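S.K.: Here it is: the structure, laid out below.
The values are calculated or read from the model by the stated rules, or taken from the named source; none is laboratory data. Please read all numbers here as calculations on a predicted model, not as lab measurements. Note that we place each Cβ from the backbone using ideal geometry, even for glycine, and neighbour counts take in every protein chain shown.
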Amino acid sequence: MSPSAYAPWVAVTGWAYFAAWSASFWPQTVLNARRRSVVGFSADFLAFNMIKHTSYATYNFALFASPAVQRQYRDAHGAGAPIPVTGADVAFSAHAVVVTGAQVMQYLCYERGGQKPSRVAWALVGGALASAAVAAVVTLPRGQVLRFVTLFSYLQLAFTTFKYFPQMMHNFRRKTCYGWSLGMVALDMPRQ
């Protein structure tokens, strides 16, 4: 079967995943809004999630919309290679950044109960930003936009692997999950 024969299936499943995964953001956002509090919602998890989704969006937008990145991708993978990002990926990324940004605003505006990002979280977020800055200096002057953009896929993958750990520890220390939406986890975990 030719790759074009799979296109309708890819489109349908892509948008189905978009709907399912996008829904995972709302239980926590609604819980925070109803309580007007983020007590119980780990600041580290939120910081990691923001880096993760901003990185994913950067990668997706660049591969989907940049002719220069697409050209470099096809140079590396063959002239007929399909771009591995669809409209559903871009829509999900945009939605993820917007809703996670709304959660950051909730964190800044609502009752926090003294919660703040840990030094480890600051170090990891700072390391991610420093990595992006170094990669920009090294790759962009050479026209290696795809290499620069690919860094963001690695950042997304790295933060995905450990983003739940701080929330798990936060719940363990508090001996409760109160303030943490298990609905978000139930909708998000199949994606991980």
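S.K.: Can you name every residue in segment 69-116 that is in contact (Cβ under 8 Å) with a residue 24 or more places away in the chain, more than 18 Å from the chain's Cα centre (by Cα) and part of a loop (DSSP other than H, G, I, E, B)?
M.R.: Within segment 69-116, Pro82, Tyr110, Arg112, Gly113, Gln115, Lys116 qualify.
S.K.: Just the residues that are of a type in the set (S, T, N, Q) and more than 28 Å from Val38 (Cα to Cα), please, taken from segment 8-26.
M.R.: Across segment 8-26, the qualifying residue is only Thr13.
S.K.: Also, quick follow-up: Just name the residue that is nearest to Gln72 (Cα to Cα) out of those in segment 138-154 that are surrounded by 15 or more Cβ atoms within 10 Å (Cβ to Cβ) and not aliphatic (A, V, I, L, M).
M.R.: Only one residue fits best here, namely Arg147.
S.K.: Quickly run through segment 118-174 and pick out the residues that are within 27 Å of Val185 (Cβ to Cβ) and of a type in the set (Val, Ile, Thr).
M.R.: If the condition is that a residue be within 27 Å of Val185 (Cβ to Cβ) and of a type in the set (Val, Ile, Thr), then Val120, Val125, Thr160, Thr161 are the ones that fit.
S.K.: Give segment 85-111 a look and list any residue that's modelled with pLDDT under 95 and charged (D, E, K, R), or say none.
M.R.: Asp89
S.K.: Quick one: is Ala135 over 30 Å from Val38 (Cα atoms), surrounded by 19 or more Cβ atoms within 10 Å (Cβ to Cβ) and either among the small types (Gly, Ala, Ser) or in contact with a Pro (Cβ under 8 Å, 6 or more places away or on another chain) (or both)?
M.R.: In short, yes.
S.K.: Please pick out the residue among Ala47, Ala96, Ala57 that is in contact with a Pro (Cβ under 6 Å, 6 or more places away or on another chain) and buried (at least 18 other Cβ atoms within 10 Å of the Cβ).
M.R.: Residue meeting the stated conditions: Ala47.
S.K.: Something else about it: Restricted to segment 16-44, and to residues that are in a helix (DSSP H, G or I) and among the basic types (Lys, Arg), which residue is surrounded by the most Cβ atoms within 10 Å (Cβ to Cβ)?
M.R.: Ranking the candidates gives Arg35 first.
S.K.: Same structure again: Can we say Ala47 is part of a helix (DSSP H, G or I), touching a residue at least 24 places away in the same chain (Cβ under 8 Å) and of a type in the set (Gly, Ala, Ser)? Before the answer, list the steps.
M.R.: Values: part of a helix (DSSP H, G or I): yes; touching a residue at least 24 places away in the same chain (Cβ under 8 Å): yes; of a type in the set (Gly, Ala, Ser): yes.
Judged against the criteria, Ala47 is a match.
S.K.: Only one residue in Phe41, Phe18, Phe25, Phe48 is under 21 Å from the mean Cα position of the chain (by Cα) and at pLDDT below 85, so which one is that?
M.R.: Just a single option satisfies the conditions, and that option is Phe18.
S.K.: Would you confirm whether or not segment 167-189 contains a residue that is within 18 Å of Tyr56 (Cα to Cα), surrounded by 16 or more Cβ atoms within 10 Å (Cβ to Cβ) and of a type in the set (Val, Ile, Thr)?
M.R.: Taking segment 167-189 as the starting set, the residues that turn out to be within 18 Å of Tyr56 (Cα to Cα) are 188-189.
Then keep just the ones that are surrounded by 16 or more Cβ atoms within 10 Å (Cβ to Cβ); that gives 188.
Adding the requirement that they be of a type in the set (Val, Ile, Thr) leaves none.
No, the conditions are met nowhere in segment 167-189.
S.K.: Further, regarding this structure: Looking at this structure, is Leu124 within 16 Å of the chain's Cα centre (by Cα) and either at pLDDT 95 or above or part of a helix (DSSP H, G or I) (or both)? Steps first, answer last, please.
M.R.: Values: within 16 Å of the chain's Cα centre (by Cα): yes; either at pLDDT 95 or above or part of a helix (DSSP H, G or I) (or both): yes.
For Leu124, the condition - within 16 Å of the chain's Cα centre (by Cα) and either at pLDDT 95 or above or part of a helix (DSSP H, G or I) (or both) - is met.
S.K.: From the list Leu140, Leu157, exactly one residue is in a helix (DSSP H, G or I), free of Cβ contacts under 8 Å to residues at least 60 places away in the same chain and within 20 Å of Ser24 (Cα to Cα). Which is it?
M.R.: So the residue among Leu140, Leu157 that is in a helix (DSSP H, G or I), free of Cβ contacts under 8 Å to residues at least 60 places away in the same chain and within 20 Å of Ser24 (Cα to Cα) is Leu157.
S.K.: Go through the residues of segment 162-178 one by one and say whether even a single one is of a type in the set (A, V, I, L, M, F, W, C) and within 15 Å of the chain's Cα centre (by Cα).
M.R.: yes
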